[in-house]
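Asker: Structure in structure tokens, see below.
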Ligand SMILES: *Cc1c(COP(=O)(O)O)cnc(C)c1O
């Protein structure tokens, strides 16, 4: 079985060494030396303030709570994202308003966002850097300022991504990363919340620790969002490897692109030349949905795992009630997308065999398509 992803782990002995230290200090949590070290590594790398949190999901809920937005106000969200994005908005008593994506980048379409903002006057805009592809932060930032709304990026896939020279993490008022096992760097379960706003960060520090710190006086409504020292220790080993991890991925992606170059009927996610994406997932989009389905079935027969990310949230049972306007680009991409295996130990021979299956399915799809 070829999985779609496989976490990168440091040499076990390196981690055991850190565990020995934890066993001797008995400091298991409460932001001890390893959480602090992790935050320092992330802050330096992202060039903004970073705080550790137990997961990306809780990071989103807790970060939005710290923005102190009036309950019942609206929040622009993509539908083409992981359901955490929408859950976090709902846990904060905000009303999600779905916005379509740009079909080339898969990120929130700033024009569609502007139209939705005119309609509903949001207090918050949440957009996802899909598969690590940085959103158009300039245009979304200008839109947020025009409506006096806050801008939060779901950067779950984006540790190591850059918009121009700016690391993802420094693009919105607040950004939230995930370090779970399917993301490009992991600490098993965990996340990071970033902001340049010291007041926000201070509030977040209380909120992620039940609402208080050492004096048992609740300052803000909080929750248990603490990252354990065992997780943080693993993160101090994996986060510094990000650039090497990405270099290796980019080499593999170049192989995919070379083998699929000139194949009609498929395209890749469009990342601007001046930006850097982590390619948390390597996605191709078929012109013909039936060709995508055949390709997926054929790869499954060869025991090669693929995924159809993201099942649009406006088509999920829990969020259906919020689906008002049509989202044609979201639907179109979802019906045609296929995410292919990508992880460090995936070898070129397997990439070649995946590509020949993709090529055959795409060619059959083009041949079957009615002439336009
Ligand atoms: C993985 C993911 C999350 C949730 O992060 P966890 O660390 O798994 O809780 C949120 N948003 C997106 C887009 C994700 O892919």
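Asker: For the range 320-344, which residues satisfy the criterion of being buried (at least 16 other Cβ atoms within 10 Å of the Cβ), in a helix (DSSP H, G or I) and in contact (Cβ under 8 Å) with a residue 40 or more places away in the chain?
Answerer: 322, 329, 330, 333, 334
Asker: Inside the range 297-311, can you point out the residues that are touching a strand residue (DSSP E or B) at 6+ places or on another chain (Cβ under 7 Å) and either crowded, with 21+ Cβ neighbours inside 10 Å or assigned to a loop (DSSP other than H, G, I, E, B) (or both)?
Answerer: Hits for the range 297-311 are 303, 305, 306, 308, 309.
Asker: Of everything in the range 46-56 that's surrounded by fewer than 24 Cβ atoms within 10 Å (Cβ to Cβ) and near the ligand (Cβ under 10 Å from one of its atoms), which residue is farthest from the chain's Cα centre (by Cα)?
Answerer: Checking each candidate, the answer is 54.
Asker: Being over 25 Å from residue 232 (Cα atoms) and in a loop (DSSP other than H, G, I, E, B) narrows it down to one residue among 184, 122; which is it?
Answerer: Every option except 122 fails the conditions.
Asker: Quick check on the range 142-159: of everything there that is closer than 14 Å to residue 48 by Cβ and part of a loop (DSSP other than H, G, I, E, B), which residue is farthest from the ligand (Cβ to nearest atom)?
Answerer: Selected residue: 159.
Asker: For the list (1) in contact with a helix residue (DSSP H, G or I) (Cβ under 8 Å, 6 or more places away or on another chain); (2) more than 15 Å from the ligand (Cβ to nearest atom); (3) assigned to a helix (DSSP H, G or I), I need the number of the one condition that residue 111 fails.
Answerer: Single failed check for residue 111: (1).
Asker: Which of (1) over 21 Å from residue 185 (Cβ atoms); (2) out of contact with any helix residue (DSSP H, G or I) (no Cβ under 9 Å at 6 or more places or on another chain) is the odd one out, the single condition residue 251 does not satisfy?
Answerer: (1)
Asker: Which residue pairs have Cβ atoms under 7 Å apart, sit 6 or more places apart or on different chains, and have a first residue in the range 51-67 that is touching a residue at least 60 places away in the same chain (Cβ under 8 Å) and within 17 Å of residue 36 (Cβ to Cβ) and a second that is part of a helix (DSSP H, G or I) and within 11 Å of the ligand (Cβ to nearest atom)?
Answerer: Filtered contacts from the range 51-67: 53/59.
Asker: When you scan the range 114-132, how many residues do you find that are touching a residue at least 40 places away in the same chain (Cβ under 8 Å) and away from the ligand (no atom under 12 Å from the Cβ)?
Answerer: Looking only at that region, the number is 8.
Asker: Going through the range 81-108 one residue at a time, which ones are more than 26 Å from residue 50 (Cβ to Cβ), in contact with a helix residue (DSSP H, G or I) (Cβ under 7 Å, 6 or more places away or on another chain) and either within 16 Å of the ligand (Cβ to nearest atom) or without any contact (Cβ under 8 Å) to a residue 24 or more places away in the chain (or both)?
Answerer: Hits for the range 81-108 are 96, 98, 99, 101.
Asker: Quick test for you: out of 288, 347, 317, pick the one residue that is without any contact (Cβ under 8 Å) to a residue 12 or more places away in the chain, more than 16 Å from the ligand (Cβ to nearest atom) and farther than 30 Å from residue 89 by Cβ.
Answerer: Of 288, 347, 317, the one residue that is without any contact (Cβ under 8 Å) to a residue 12 or more places away in the chain, more than 16 Å from the ligand (Cβ to nearest atom) and farther than 30 Å from residue 89 by Cβ is 347.
Asker: Do the conditions hold for residue 321, that is, is it over 30 Å from residue 120 (Cα atoms) and at pLDDT 95 or above?
Answerer: no
Asker: Among the residues of the range 160-184, count how many are more than 17 Å from residue 85 (Cα to Cα), within 15 Å of the ligand (Cβ to nearest atom) and surrounded by fewer than 24 Cβ atoms within 10 Å (Cβ to Cβ).
Answerer: 1
Asker: Oh, and also: Any residue at all in the range 238-256 that is touching a residue at least 40 places away in the same chain (Cβ under 8 Å), surrounded by fewer than 22 Cβ atoms within 10 Å (Cβ to Cβ) and outside any helix (DSSP H, G or I)?
Answerer: No - not one qualifying residue is present in the range 238-256.
Asker: Inspect all residues belonging to the range 15-37 and state whether any of them is within 16 Å of the ligand (Cβ to nearest atom) and within 28 Å of residue 242 (Cα to Cα).
Answerer: Among the residues of the range 15-37, at least one is within 16 Å of the ligand (Cβ to nearest atom) and within 28 Å of residue 242 (Cα to Cα), which makes the answer yes.
Asker: Residue 222 versus (1) within 11 Å of the ligand (Cβ to nearest atom); (2) surrounded by fewer than 23 Cβ atoms within 10 Å (Cβ to Cβ): which is the lone unmet condition?
Answerer: Every listed condition holds for residue 222 apart from (1).
Asker: Then there is this: Which of the numbered conditions does residue 66 fail, given that it passes all the others? Conditions: (1) more than 16 Å from the ligand (Cβ to nearest atom); (2) surrounded by fewer than 24 Cβ atoms within 10 Å (Cβ to Cβ); (3) on the phi < 0 side of the Ramachandran plot.
Answerer: Answer for residue 66: the failing condition is (2).
Asker: Take residue 275 and decide whether it is over 25 Å from residue 370 (Cα atoms) and without any contact (Cβ under 8 Å) to a residue 60 or more places away in the chain.
Answerer: No: the conditions fail for residue 275.
The values are calculated or read from the model by the stated rules, or taken from the named source; none is laboratory data. The structure displayed is predicted, hence computed values, not measured ones. Virtual Cβ from ideal backbone geometry, glycine too; neighbours counted across all protein chains shown.
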